Amino acid sequence: MTENTVVQINVDTFGDGAGYFVRTEIEARSVTIHGPFSDQQTAQKLKAEQISQRSKAVEVIKQNFREAALSLPAATEAGS
């Protein structure tokens, strides 16, 4: 198996009539390759298994993103 994971965090500030804001953007991309398999049927079976588990994987990723965002410093109150 080979794996390539890339994570970027961008932080910027912007203002509008109500004041100034800090925007944090977290982007992640992970590519994994499993194989080689001796036949297409075996590869298709793994593909089907992975597709059937997508919603669980998405929920884990969302939770990890929330935790990562919460680990960054935040204002203790509006306007501070």
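So the values come out like this:
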read-out	value
Estimated [θ] at 222 nm from DSSP helical runs (n ≥ 4, -39500 (n - 2.57)) normalised by residues in the chain, nearest 500	-13000 deg cm²/dmol
Rg in Å to one decimal, and Dmax rounded to a whole Å, for the chain via C-alpha atoms	19.5, 62
Projected label distance in nm at residue 37 and residue 67, using a 7 Å step from Cα toward the beta-carbon	3.0 nm
Computed lengthening from residue 26 to residue 55, 0.36 nm per intervening residue step minus Cα-Cα distance	8.4 nm
0 to 90° range, to nearest 10: angle between helix 40-52 axis and the chain longest Cα axis	30 degrees
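Values quoted throughout were computed directly from the atomic coordinates according to the rules given, and no laboratory measurement underlies them. Since we're looking at a predicted model, the values are computed, not measured. Glycine also receives a Cβ, built like all others from the backbone with ideal geometry; neighbour counts cover every protein chain displayed.
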